[in-house]
Amino acid sequence: MRILIALILFPFLLPAQGVYRWDVKIAIDTAGVRIAKTKYKAKATSISELASKKENPRPDKKEIQKGLRADAEKRKVTVTCYVTGLGKEKDGDYHLILKALASKKTLVGEIPDPDQPKLKGFPTYKKQYAKARDVVDKKIQEPTSKIKEIEPVKVLVTGFVFFDIFEEGGHGHGSAVENAIEIHPILSIKIVN
């Protein structure tokens with residue numbers, strides 16, 4: 001009985017972290033590790049193209065419910081855009097609002113917490129996430145616990161495509177797109193002049 005109670009309570013004793021397809025979100029799933037290798041080049045794209053339901057239809061619910069990386073998520077992208085908002089989520093991720101250069105389209109980009117326990121055996125990801133967060137902290141601004149708008153900062157972001165749970169209003173800040181696509185995780189971010 002004690003073991004059963006411990007198993008039930010154990011997850012609540014761990015630091016806060018996401019649950020929904022978490023290994024895919026932090027790229028430690030088998031496909032994510034394979035795509036992260038340098039021989040897989042990032043495809044240059046735009047926020048408008050990513051946010052388009054026609055260009056990037058949401059994967060079938062059955063494919064996403066398996067908990068694995070959907071075929072449409074097996075790609076690395078690079079986008080030049082503006083960061084127009086940011087915050088730090090309860091799971092420790094930096095949450096960025098990424099806006100298209102030539103339209104009002106936005107989507108979410110997230111940088112995982114490099115101290116996330118599941119990243120213990122992934123030193124390359126830990127370094128990439130720490131470096132990306134350092135750029136945000138020092139060259140944009142340190143995020144607070146609430147997502148807030150900021151003066152737009154032009155950046156070049158590289159990361160993985162991820163289809164999140166569709167939430168009307170996009171995590172409460174209006175950045176949801178019709179296909180619920182995100183760049184998660186962001187592997188690198190650079191300021192563009």
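Overview of values
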item	result
Any chance residue 132 is modelled with pLDDT under 95 and open to solvent by less than 10 Å² (accessible area, probe 1.4 Å)	no
Residue count for segment 64-92, restricted to those that are within 13 Å of residue 165 (Cα to Cα) and surrounded by fewer than 19 Cβ atoms within 10 Å (Cβ to Cβ)	2
So residue 178, is it at pLDDT 95 or above and either open to solvent by 50 Å² or more (accessible area, probe 1.4 Å) or under 17 Å from the mean Cα position of the chain (by Cα) (or both)	no
Some residue of segment 8-24 being part of a loop (DSSP other than H, G, I, E, B), crowded, with 19+ Cβ neighbours inside 10 Å and modelled with pLDDT of 90 or more	no
Residue list for segment 135-156, filter: touching a residue at least 60 places away in the same chain (Cβ under 8 Å) and open to solvent by less than 50 Å² (accessible area, probe 1.4 Å)	150, 153, 155
Pick from segment 25-43, criterion touching a Ser or Thr at 6+ places or on another chain (Cβ under 8 Å) and open to solvent by less than 80 Å² (accessible area, probe 1.4 Å), ranking: modelled with the highest pLDDT	42
The listed residue being under 26 Å from residue 119 (Cβ atoms) and either of a type in the set (D, E, K, R) or touching a strand residue (DSSP E or B) at 6+ places or on another chain (Cβ under 8 Å) (or both), out of 26, 47	26
Failed item, numbered, when residue 109 is tested on (1) open to solvent by 30 Å² or more (accessible area, probe 1.4 Å); (2) touching a residue at least 40 places away in the same chain (Cβ under 8 Å); (3) under 22 Å from residue 165 (Cα atoms); (4) not acidic (Asp, Glu)	(1)
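The values are calculated or read from the model by the stated rules, or taken from the named source; none is laboratory data. The structure displayed is predicted, hence computed values, not measured ones. Cβ coordinates were reconstructed from backbone atoms using ideal geometry, including for glycine residues, and neighbour counts include every protein chain displayed. Note: areas computed on protein heavy atoms with side chains; ligands, DNA, RNA excluded. Shrake-Rupley method; radii C 1.70, N 1.55, O 1.52, S 1.80 Å.
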